[in-house]
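Working notes, beginning with the structure itself.
The values are calculated or read from the model by the stated rules, or taken from the named source; none is laboratory data. Everything numeric in this text was worked out from a predicted model, so none of it was measured. All Cβ positions, glycine included, derive from the backbone under ideal geometry; neighbour counts span all protein chains shown. Heavy atoms of the whole protein, side chains included, go into the accessibility calculation; ligands, DNA and RNA do not. Shrake-Rupley method; radii C 1.70, N 1.55, O 1.52, S 1.80 Å.
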Amino acid sequence: MNVLFSSVHYWLADHPTISQFEWKQGHTFGSSLIFLTLSISIYLSLSLLSFRFSSLLPTLSATTLHCITAVHSLILCLLSLIMVVGCSLAVLHQMPRHDDYWRWVFCFPGNNRTLPRGPVFFWVHFCYLSKILEFMDTLLIILSSSRSRRLSFLHVYHHTMVPLLCYLGIYTSQSLIHIAVITNASVHVLMYAYYFLCSIGKRPWWKRLVTDCQIVQFIFGFICSPIMVYYHFITEVGCSGFGPWCACITFNASLLALFLDFHSNNYGNKIRKDRDSKMEKQT
């Protein structure tokens, strides 16, 4: 068991590519503003095209779509699992060894004292690139015959904003971003496992659990945030990336509201119907 852990730790935290990672603006893959702007612009253009000219767009056959979705979902499920393990090990690896290590977990030292380098930021960068890959989720919806029903504002809003916030998070060495990566990737393991099983004809029972976990993810972020804010104002240098964190927490609040609305519309009516049905049987 120790040999397995040592091997995993080396490949996901100690390997020179990971431990010596450094985000260099304009040099690291995906770090230029042109890359980010073009990626999001193309994504939004395709999404808008689907909304406005749905009848003119081609569709893939159900068999082809299921095969592509299965491969795509399996890849993202495995990448998300690797991210969870890798980023967790990276936090343990990069965490300071002095008495303030718990402060570091919630508050990276500000005033340019925390640079985007080391294993933690390798996995944040990895997460950022995976969010570009997740644009494929929308493309698969656009190419399906049910795009008008499945392509929602929540979906496009979420997929547009997350890469932008990941980029800002790396650029400013944002505090709490490693916690966001671990929790988000954990939810995505479950979500893409669900999509994979659906695409191969095995519909799991835990569809609602995916939405519940997404909501819990945002609530957990709100629980961690006051700790970071506390450290930001009691320490001399504050916490790194406080400005982008404000944008991120606002975005998360809007997402929480949208997910709660989605949950109510999709599962609230079923709960009420089941309750009414039980009451009718009792009477």
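So for the chain, if I pair up every lysine 8 or more residues apart or on another chain, how many of those pairs have alpha-carbons under 20 Å apart?
Close lysine pairs under the 20 Å cut-off: 6.
Report, largest value first, the span of the C-alpha coordinates of the stretch 143-186 along each principal axis, in whole Å.
For the stretch 143-186, the Cα extents along the three principal axes come out at 41, 21, 15 Å.
Working from the alpha-carbon coordinates of the chain, get Rg over Rh, Rh being the Kirkwood radius.
1.01
With every protein chain left in place, what is the accessible area per residue of the chain in square angstrom, probe 1.4 Å?
With all protein chains present, the chain gives 55 Å² per residue.
How large is the helix-only mean residue ellipticity at 222 nm for the chain, computed as the sum of -39500 (n - 2.57) over DSSP H runs with n ≥ 4, divided by its residue count, in deg cm²/dmol to the nearest 500?
-24000 deg cm²/dmol
Got a number for the accessible area of residue 207? Probe 1.4 Å, square angstrom, nearest 10.
My reading of the accessible area for residue 207 is about 100 Å².
Find, to one decimal place in angstroms, the Kirkwood hydrodynamic radius of the stretch 1-153, where the mean of 1/r is taken over every pair of different Cα atoms and then inverted.
18.4 Å
Go through the chain and flag any cysteine with no other cysteine's C-beta closer than 4.7 Å, please.
Cysteines lacking a close Cβ partner in the chain: 67, 77, 87, 127, 166, 198, 213, 224, 246, 248.
Report the equivalent ellipsoid semi-axes for the stretch 71-210 in whole Å, largest first, defined as the square roots of five times the eigenvalues of the gyration tensor built from alpha carbon atoms.
Working through the eigenvalues yields semi-axes of 32, 17, 11 Å.
Using a Förster distance of 22 Å, how high is the FRET efficiency between residue 235 and residue 22, based on the Cβ-Cβ distance and rounded to 0.05?
0.35
Can you compute 3J(HN,Hα) from phi for each residue in the stretch 160-176, using the Karplus curve 6.51 cos²θ - 1.76 cosθ + 1.60 with θ = phi - 60°, rounded to whole Hz and x for Gly and Pro?
Once θ is set to phi - 60°, the couplings for the stretch 160-176 become 6, 7, 4, x, 4, 6, 4, 4, 5, x, 5, 4, 9, 6, 5, 5, 6 Hz.
What residues qualify as long-range amide H neighbours of residue 21, i.e. H under 5 Å apart, gap of 5 or more or another chain, H built at 1.01 Å from N?
118
Once you keep just the Cα pairs under 8 angstrom separated by 6 or more residues, what percentage relative contact order results for the chain?
Computed over the chain, the figure is 26 percent.
Would you please calculate the Kirkwood hydrodynamic radius of the stretch 196-267 over all C-alpha pairs and express it in Å, rounded to one decimal?
Kirkwood radius, the stretch 196-267: 14.5 Å.
Once the Cβ-Cβ distance between residue 1 and residue 150 is put in as r, and R0 is 51 Å, what FRET efficiency do you end up with, to the nearest 0.05?
For residue 1 and residue 150, the calculated efficiency is 0.70.
For the stretch 1-71, give the percent of accessible area contributed by carbon and sulfur heavy atoms, probe 1.4 Å, rounded to a whole number.
Roughly 69 percent, rounded to a whole number.
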